[in-house]
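Below you'll find the structure, written out as structure tokens, and then a few comments.
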Amino acid sequence: MKKSKRFLSYLKSQKSLVVIIFIFALLFVLSSLSLPLLIGKGIDALLENSLDKFILIIALASSFTLIGVLSGYAFEYLVGKITQNVIYKLRLDVYEKINAISVDEFYKNTKGNLLQMEVNDIENVANGMFSIFKSLLEGIFTIIATIVLMLIVNWILAVLVIFLSPLCVFMSRFVARFSHKYFKKSVELQSKVNTYSSELIDNLDLIKSFNYEDSEYKKYDKCSKELQKHGKIALFSASWVNPSTRLVNNTIYAIIGVIGIILIIYSNNNANWIINVGALMSVGKLSSFLIYINQYTKPFNEISAVLSEFETANTSFERINNFLNKDNDVDEGNIEIDSIDKIEFKNVYFSYDKKTPLIENLNVTISKGQKIAIVGPTGAGKTTLINLIMRFYDIDKGEILINDINIKDISKASLRKAIGMVLQETWIFNGTVMDNVRYSNSNASDEDVKKACVFAHSDAFINTLPKGYQTVVGSKEGLSEGERQMIAISRVAMLEPSLVILDEATSNIDTRSEKYINDDFDKLMNNKTSIVIAHRLSTITKADNILVIDKGNIVEIGTHEELLKKQGLYYSMYNS
């Protein structure tokens with residue numbers, strides 16, 4: 001969807017409020033612009049010694065002032081409300097899109113880029129939308145109404161102002177084009193700085209352990225200086241719009257003032273050509289006209305003053321729109337499954353970048369109740385098999401069959417619901433221990449959670465926490481690596497899936513706890529299909545079948561004893 005079309009779609013949902021702010025904006029502008037006309041007439045009334053007329057004009061001016069104040073307040077309030085309503089919907093759409101894109105597409109975006117878009121870019125759009133929406137709507141009404149009133153006061157001067165005004169627009173446009181590329185580059189660099197900051201914060205303990213503070217500071221400083229350089233040019237170039245347009249406007253003001261004085265002189269001398277063209281000028285009229293010139297040029301000045309906000313908002317919305325235009329994760333499957341009894345890879349080919357082959361002509365069958373272990377060197381493709389089973393990625397060629405059904409014909413929701421997975425990297429969110437375990441089943445009772453924790457032997461350390469199951473923990477606070485791992489295992493224990501996948505699930509747990517958990521997993525995986533990825537080969541000696549993978553291919557397959565007798569890659573890895 002085009003950027004302009006998407007933005008209009010957000011405004012369309014606020015069309016009733018938009019109509020109302022049009023009314024209040026019109027009332028505000030007309031009330032404000034009536035004052036210069038009344039001031040001019042008041043000056044002429046005083047010069048004519050007409051006190052009654054002067055008092056009436058004062059009363060009208062006071063009434064219009066009150067209407068203008070109330071309308072202006074309502075106008076700005078509603079502009080703010082529309083802005084926040086649009087930003088609320090935009091923020092939800094971005095968050096929904098993050099969850100809707102494929103895993104492959106997700107990892108193409110850096111963490112800093114996503115944070116920049118969801119926080120900074122949306123805030124930039126909000127600021128720019130409020131400023132520009134207010135200035136633009138108010139400015140359009142002001143320009144139109146001022147032109148009409150200037151034509152009423154003196155059409156010759158009005159035509160001259162209209163003729164000279166494109167100079168101001170040209171100046172603003174020239175500077176805007178120059179600054180746009182720098183604002184775009186600034187936003188990209190801001191994303192880069194955010195990414196770097198996020199990495200530093202997440203790995204602060206690692207940086208300190210290697211005494212890399214100074215080195216990382218220099219890298220961050222270099223990145224930050226580049227942002228400073230482009231940001232400074234962008235803001236400086238945008239800041240030139242306001243003084244440039246003011247110079248043009250003041251020049252126009254001076255020219256009109258001189259010509260107006262000349263017309264007053266000819267009007268007082270009753271020059272025939274002034275009378276014939278209907279361009280009589282008085283001191284009051286000139287006062288009104290000069291005020292209208294300021295009112296006429298004010299929208300140009302205001303829009304130019306917020307040009308930097310507009311450029312930032314425009315660039316940010318363009319980034320957001322490009323992200324929202326990304327394709328959602330494809331889920332063409334419509335078959336629902338309750339369990340996974342059999343998995344079959346048939347002539348499977350896969351690569352992440354489509355240029356460097358990883359898995360080639362893979363053929364393997366995993367039957368119900370089997371405990372399959374996958375081993376191999378780092379980068380051999382062990383975790384890739386799990387990604388393919390979970391359909392985080394789709395294969396390039398071949399077939400993956402689940403219960404003799406092509407995996408693409410099965411809905412992703414039902415497929416993943418039937419799988420319980422414990423990874424080497426655990427995810428703990430800010431919340432209570434109870435809520436963290438319940439994440440796998442939101443309908444589970446407190447007793448179900450505790451039962452799963454007892455089953456996974458995490459109950460022992462949970463009860464030692466300050467508030468037990470109600471202790472608030474986070475991704476980096478409150479729990480050790482091993483304890484976070486045990487929480488993740490408890491989730492799977494409560495889920496009771498038909499397929500259990502363990503990717504180095506006990507890598508951060510002490511030997512004693514590992515023995516208990518492995519015993520529990522044996523019970524959990526009884527009559528269920530299970531896949532275990534392991535580096536410590538001692539943990540998978542009882543597997544029904546061990547697949548030895550190297551460079552994406554299964555080079556050996558068999559039980560622990562059978563593979564040792566072959567004295568191949570597995571034998572070498574086991575002895576090492």
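Read-outs: derived from the displayed coordinates by stated rules, not from any lab. None of the values given here were measured: they were computed from a predicted structure. Ideal geometry is used to build each Cβ from the backbone, glycine not excepted, and the neighbour counts take in all protein chains shown.
Once both labels are modelled 7 Å past Cα along the beta-carbon direction, what's the Ser411-Asn553 spacing in nm?
Spacing of the two 7 Å Cα→Cβ label points: 4.0 nm.
Using 7 Å Cα-to-Cβ label points, what is the Lys3/Tyr88 separation (nm, one decimal)?
Here the answer is 2.7 nm between the modelled labels.
Report the extension gain between Thr511 and Glu199 in nm, rounded to one decimal, defined as 0.36 nm multiplied by the number of residues separating them, less their alpha carbon distance.
Details: separation 312, 0.36 × 312 = 112.32 nm, distance 3.14 nm.
In short, 109.2 nm is gained.
Fully extended, how many nm does the chain gain between Gln470 and Glu332 (0.36 nm per residue separation, minus their Cα-Cα distance)?
Working: separation 138, 0.36 × 138 = 49.68 nm, distance 4.09 nm.
So the extension gain works out to 45.6 nm.
About its Cα centre, what dipole magnitude does the chain give when the only charges are +1 on Lys and Arg Cβ and -1 on Asp and Glu Cβ, stated in debye to the nearest 20? Write out the running numbers ahead of the final one.
Numbers: 62 positive and 62 negative charges, 399 e Å.
Roughly 1920 debye, rounded to the nearest 20.
Taking a cut-off of 30 Å between Cα atoms, list the lysines near Lys41, but don't count ones fewer than 8 places away on the same chain.
Counting by Cα, and skipping residues close in sequence, Lys41 has these lysines nearby: Lys53, Lys285, Lys298.
Between Asn463 and Glu496, with labels modelled 7 Å along Cα→Cβ, what's the label distance in nm to one decimal, could you check?
Reported label-point gap for Asn463 and Glu496 is 2.3 nm.
Looking at this model, which pairs from Lys371/Lys408; Lys346/Lys371; Lys225/Lys354 are more than 29 angstrom apart at the alpha-carbon?
Details: Lys371/Lys408 24 Å; Lys346/Lys371 20 Å; Lys225/Lys354 37 Å.
Too far apart for the 29 Å limit: Lys225/Lys354.
For the Cα atoms of the chain, what angle does the longest principal axis make with the long axis of helix 307-324, in degrees from 0 to 90, nearest 10?
Once rounded, one gets 30 degrees.
Please list log₁₀ I(q)/I(0) at q = 0.11 Å⁻¹ for the chain, using the Debye equation with identical point scatterers on the alpha-carbon positions.
Once normalised to I(0) and log-transformed, intensities are -1.11.
Run lengths n ≥ 4 of DSSP H only: what is the helix-derived mean residue ellipticity at 222 nm for the chain, with -39500 (n - 2.57) per run over all residues, to the nearest 500? Could the numbers behind the result be given before it?
Values: 23 runs with 368 residues, N = 576.
Value at 222 nm, helices only, nearest 500: -21000 deg cm²/dmol.
If R0 is 41 Å, what FRET efficiency do you get for Asn269 and Tyr73 from their C-beta distance, rounded to 0.05? Display every interim value, and only then the final one.
Values: r = 47 Å, r/R0 = 1.16.
The formula returns an efficiency of 0.30 here.
May I ask what percent, to the nearest 5, of DSSP beta bridges between residues of the chain are antiparallel? Intermediate results must be reported in sequence, preceding the final value.
Working: 19 of 37 bridges.
The antiparallel proportion sits near 50 percent.
Which of Ile343, Asn314, Ala380 sits closest to the plus end of the dipole of segment 292-406, meaning its Cα is farthest towards the positive end, when Lys and Arg get +1 and Asp and Glu get -1 on the C-beta?
Ala380
Taking a 21 Å limit on the Cα-Cα distance, which of the listed pairs Lys528/Lys566; Lys3/Lys111; Lys417/Lys515; Lys111/Lys326 fall beyond it?
Working: Lys528/Lys566 29 Å; Lys3/Lys111 24 Å; Lys417/Lys515 27 Å; Lys111/Lys326 17 Å.
Distance filter (> 21 Å) returns Lys528/Lys566; Lys3/Lys111; Lys417/Lys515.
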